[in-house]
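The values are calculated or read from the model by the stated rules, or taken from the named source; none is laboratory data. Just so we're clear, the structure is a prediction, and the values are computed from it rather than from any experiment. Don't worry about glycine lacking a Cβ; one is built from the backbone with ideal geometry, like all the others, and counts go over all protein chains shown.
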Amino acid sequence: MFTGTWLFEDRADAGRQLARAIESEDLTDPLVMALPRGGVPVGYEIAMHIGAPLEILIVRKIGAPGQKEFGLGALVDGEEPELVLNPQAVRLVRPPEGYVKAETERQHAEILRRRALYFGDRAWTSPRDRDVILVDDGIATGGTVRAAIKALSRMGARRLLLAVPVAPKSELAELRGAVDRIICLATPFNFRAVGLHYRDFEQTSDEEVIALMEKAWQRNSPP
């Protein structure tokens, strides 16, 4: 039920609003990279509006032993997957010897499974020497986005823009020095959860991700 508090109808609406904010940016050879699954409907609208390719960036959390939601870091997909660890979290938890390696291998297997699901036999588009727009449907704690930013920088992105519909001011302040530009439409006071700012925040399905990526790839494929 509409309560008067939501800012976006759904992820597609958020993407269209973000696209209008991005269109004035001076971008060279842009590439939209969306975090699945929720970032894909947002990124699709941006990519279609500015005429850029759309790509998926799969990020898998490396959870702590017995506390999978507490992230020690993340594994980020790419031509060569990038492991991004949080040294403070690792020092705090002190995981057993071999744990991070084993968990990284497990998450790499999941990345390969999802890559096969989303990509089929299509080659992954590298961000190297491109202006990259990193997109998600919002930021709560920022852990996944932070890992993605570090990995994209290592992969050679020329310029990195972070584009999200909604996020807490505190997280954006921490991320500001890690990217060239942040475009965020709303930073609500007393931020609680991303989904509270959408009228429709149903979970994005794998089928929806696949369908949107197929449409984007077909549009950008040579005739």
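Summary of computed values
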{"item": "Residue within the stretch 122-129 that is of a type in the set (Gly, Ala, Ser) and under 14 Å from the mean Cα position of the chain (by Cα) present", "result": "no"}
{"item": "Within the stretch 189-208, tally of residues that are assigned to a helix (DSSP H, G or I) and surrounded by fewer than 19 Cβ atoms within 10 Å (Cβ to Cβ)", "result": "5"}
{"item": "Residue that is farthest from Arg199 (Cα to Cα), among those in the stretch 137-156 that are surrounded by fewer than 24 Cβ atoms within 10 Å (Cβ to Cβ) and small (Gly, Ala, Ser)", "result": "Gly156"}
{"item": "Among (1) of a type outside the set (A, V, I, L, M, F, W, C); (2) crowded, with 20+ Cβ neighbours inside 10 Å; (3) within 21 Å of Arg16 (Cα to Cα); (4) in contact with a Phe, Trp or Tyr (Cβ under 9 Å, 6 or more places away or on another chain), the one test that Lys215 misses", "result": "(2)"}
{"item": "Of all residues making up the stretch 152-185, the number that are in a helix (DSSP H, G or I), closer than 20 Å to Val59 by Cα and small (Gly, Ala, Ser)", "result": "2"}
{"item": "Scan of the stretch 38-48 for residues that are within 17 Å of Trp217 (Cβ to Cβ) and either in contact (Cβ under 8 Å) with a residue 60 or more places away in the chain or touching an Asp or Glu at 6+ places or on another chain (Cβ under 7 Å) (or both), ordered by number", "result": "Gly39, Val40, Pro41, Gly43, Tyr44, Ile46, Ala47, Met48"}
{"item": "Some residue of the stretch 90-113 being within 23 Å of Leu212 (Cβ to Cβ) and either assigned to a loop (DSSP other than H, G, I, E, B) or free of Cβ contacts under 8 Å to residues at least 40 places away in the same chain (or both)", "result": "yes"}
{"item": "Candidate set: the stretch 70-80, residues that are in contact (Cβ under 8 Å) with a residue 12 or more places away in the chain and either surrounded by fewer than 18 Cβ atoms within 10 Å (Cβ to Cβ) or outside the structural domain of Glu103 (by TED's automatic domain parsing) (or both); chosen: the one farthest from Pro36 (Cα to Cα)", "result": "Phe70"}
{"item": "Criterion violated by Arg60 - all others in (1) surrounded by fewer than 19 Cβ atoms within 10 Å (Cβ to Cβ); (2) basic (Lys, Arg); (3) not in a helix (DSSP H, G or I) satisfied", "result": "(1)"}
{"item": "Considering residues of the stretch 16-37 that are in a helix (DSSP H, G or I) and without any contact (Cβ under 8 Å) to a residue 40 or more places away in the chain only, the residue farthest from Gly78 (Cα to Cα)", "result": "Arg20"}
{"item": "Selected residue (only one of Ala163, Ala186 is surrounded by 13 or more Cβ atoms within 10 Å (Cβ to Cβ) and within 16 Å of Met33 (Cα to Cα))", "result": "Ala163"}
{"item": "Condition check for Arg115: under 17 Å from the mean Cα position of the chain (by Cα), under 25 Å from Arg219 (Cα atoms) and among the basic types (Lys, Arg)", "result": "yes"}
{"item": "Any hit, the stretch 136-151, residues being among the polar types (S, T, N, Q) and outside any helix (DSSP H, G or I)", "result": "yes"}
{"item": "Some residue of the stretch 130-139 being assigned by TED's automatic domain parsing to the domain that holds Val164 and over 20 Å from Gly38 (Cα atoms)", "result": "yes"}
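For (1) farther than 28 Å from Phe191 by Cβ; (2) touching an Asp or Glu at 6+ places or on another chain (Cβ under 7 Å), each residue gets a yes or a no:
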{"position": "Val76", "(1), (2)": "no, yes"}
{"position": "Val90", "(1), (2)": "no, no"}
{"position": "Glu103", "(1), (2)": "yes, no"}
{"position": "Leu112", "(1), (2)": "yes, no"}
{"position": "Ala116", "(1), (2)": "yes, no"}
{"position": "Arg122", "(1), (2)": "yes, no"}
{"position": "Asp131", "(1), (2)": "yes, yes"}
{"position": "Thr144", "(1), (2)": "no, no"}
{"position": "Ala148", "(1), (2)": "no, no"}
